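The block underneath contains the structure these notes are about, expressed in C-alpha cells.
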Amino acid sequence: MKDLTPFFNPKSVLIIGVSRQALSFSYTVLKNLLEIFYQGNLYILNPNANDILGVNSYHSFDELPEIPELAVIVLGKGILEIVESLGKLGVKYIAIQTELKPGTKINDLTIHLHQVCKKYNITYLGPSMLGIINFNDNFTTSIIPVRQHIMRENKNIKEGMSFIAQSGGLAGALGWWTPSQRLPISKVIHLGKGFHINEADVLEYFLNDDTTKVISLFIREISEELIGAVRKVSPTKPILFYYVGKDEIKERELQKAGGILVLNYIDLFEIAKIFLWCPEPKGINLGIIGPSSGAIHLIVKEMRKQHLSLAKPSEISRDIILDKIGGSTCNFGNPVDYWPPEKFVGIKICGIYKTSSEALLKDDAVDGLILALEFFTEIEFDFNIYASLVKKYPNKPIITILVQAEHEGAKRVIKSATELKIPAFENEIERAVRGYRLLYDYYAKIKKRK
C-alpha cells in the first residue's frame, strides 16, 4: 500500500505557478489555503512576483528555506522540467494539477513522468486533477473555491464519509455544497488522469484512515484494479458507488466484489448517512409510526418493493400502544397511526412518538424503526425526545422521514436529528426505505462471506 498521507495532510506545501490573476484556478489554490487557515508551512514559487495575497513568492528552488513535503504544480508548461528540479531538491510527493491541453501526447508524458519519478523515488498524483479536500485535517489543494465554514464544520470529525470522484466538478462541489441534513465528510479527491496513483490506491488508503467510515464513488470507468480494491476494502468499510459508464458486466463485477450500487448520484450522500449513523440491522421487520394512513401506506408500499416486512409486536407492546396512543393504530400495534390526535400540540405529539417508539424498540420482534413526521410550524415537536432512546437501544436503526412538514419545523427536527446521528429525509420515502434495505444487505453479505 502506498502512503498517501503527505497528499492529504502535509506539514509543508509548495505551490508552483500561482497566478496573480484573481479567480484563476492557480490563484484559487493559494486563496483556499489562506481562507481555511492552513497551519503548515506554505510556500509559493513564481519568478515574476514578489508576493501574492501577502505570501512571499520565491523566484527559484534554491531560495526555499526547506524541502517541502508536498509540491503542487499548477503551471501550464514545463511539467517534466519542474518535476526533475523537484526531484533534485529532494521532494518526494508531487500533485500535478495542470490541465493537459488538447494535443498533448499523453503516452509520451506518462513514460517520461514515470522515468523521472522512479529516478528520484517520487510519488505523484495527476495530472489534470482538481485536487484534494481534507475536511478533517483542514487542508486542500482544490483549484475551485472551498468554503471556510464548511471546512470548520467538518474539522476533527471522528467518523465521516470520504468521496472519490472521476469528475473534478462533482468533487469540487463538496467544497461549498452541503445536503439538507449535514453529514460529516472526511476527505474528497479527484485524481484526474491518475497515471501513478489511481482510485484503487486511494481506496486502500481510506481502508486504514480512522476518520473514514463510509466511502462513496462516482465513476466513469471500472478497472480490474478498482474491483480488486473494492473486494479488499468493502468487508471493513461500505463502498457506495454510482457508475455512469456502459459496461454492465464490469458494474456487476463491482457489485459482486462488495460495492453497493445506488440508484442515483445524490444517493451517494443521502444513503451514506444511513451507513454512517445506523447500527447493523438484525432483520427486515420494521416498526412504523406516522400521523396518517396516507404517509404510512407510502412507506409500506416501498417496503413491499424492497422485500421488508411489518414487525408483529408482542401482546405486551401492542397493549401499551393501543391503550396509550389512540388514533387509528393497527390492531397489531404496528403500524402506529395516531390520526386523529387528541390535540395538535407539541407535548401531545411528542408523547405519542416517545411512548410508541419505546414500546417498539424494546420489542424483540422489531428490527428497526421508521418515523414519519408531518406537522405544522405551530407544533413545537422536540426531536430530542430520542436522545434517551438512542442511548437505550443503540442496536436498532432509527430512520426519520419528514412528509410535507412545514419548513421551519422541519429545520428544527433535522438539526436535532443530525446532532443525535439519526438519518432524516425530507419527502424521500423511497430513498429512506431503500437505504435500510441496502444497509441490511451489506451486513448480510459480510456474514455470508465469513
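Some observations on this one:
- Within the range 304-338, the set of residues being over 16 Å from Ser357 (Cα atoms) and of a type in the set (A, V, I, L, M, F, W, C) comprises Leu308 only.
- Given (1) out of contact with any His (no Cβ under 8 Å at 6 or more places or on another chain); (2) small (Gly, Ala, Ser); (3) modelled with pLDDT under 95, index of the condition Ser186 fails: (3)
- The range 106-143, residues that are touching a residue at least 60 places away in the same chain (Cβ under 8 Å) and open to solvent by 40 Å² or more (accessible area, probe 1.4 Å): Ile106, His114, Asp137
- Residue within the range 275-293 that is farther than 26 Å from Gly160 by Cα, hydroxyl-bearing (Ser, Thr, Tyr), in contact (Cβ under 8 Å) with a residue 60 or more places away in the chain and in contact with a strand residue (DSSP E or B) (Cβ under 8 Å, 6 or more places away or on another chain) present: yes
- Qualifying positions in the range 143-166 - of a type in the set (S, T, N, Q) and modelled with pLDDT of 95 or more: Ser162, Gln166
- Of all residues in the range 28-42 being open to solvent by 20 Å² or more (accessible area, probe 1.4 Å) and touching a Ser or Thr at 6+ places or on another chain (Cβ under 7 Å), the one that is farthest from Leu86 (Cα to Cα): Gly40
- Only one entry in Phe25, Phe8, Phe61 is open to solvent by 70 Å² or more (accessible area, probe 1.4 Å) and aromatic (Phe, Trp, Tyr), namely Phe25.
- Which numbered condition Ala200 fails, given (1) at pLDDT 95 or above; (2) under 27 Å from Thr400 (Cα atoms); (3) aliphatic (A, V, I, L, M): (2)
- Residue in the range 45-56 that is open to solvent by 20 Å² or more (accessible area, probe 1.4 Å), free of Cβ contacts under 8 Å to residues at least 24 places away in the same chain and under 27 Å from the mean Cα position of the chain (by Cα) present: no
- Qualifying residue in the range 86-98 (condition: open to solvent by 10 Å² or more (accessible area, probe 1.4 Å), farther than 28 Å from Asn156 by Cβ, at pLDDT 90 or above and aromatic (Phe, Trp, Tyr)): no
- Being touching a residue at least 24 places away in the same chain (Cβ under 8 Å) and under 24 Å from Lys421 (Cα atoms) is a property that does not hold for Ile321.
- Strands (runs of 3 or more DSSP E) fully within the range 333-450 that include at least 1 residues being among the acidic types (Asp, Glu) and surrounded by fewer than 23 Cβ atoms within 10 Å (Cβ to Cβ): 424-426.
The values are calculated or read from the model by the stated rules, or taken from the named source; none is laboratory data. Here the structure is a predicted model, which means the values were calculated and not measured. All Cβ positions, even for glycine, are placed from backbone atoms using ideal geometry, and neighbour counts span all protein chains on display. Accessible surface is based on the protein model in full, side chains and every heavy atom, while ligands, DNA and RNA are left aside. Shrake-Rupley method; radii C 1.70, N 1.55, O 1.52, S 1.80 Å.
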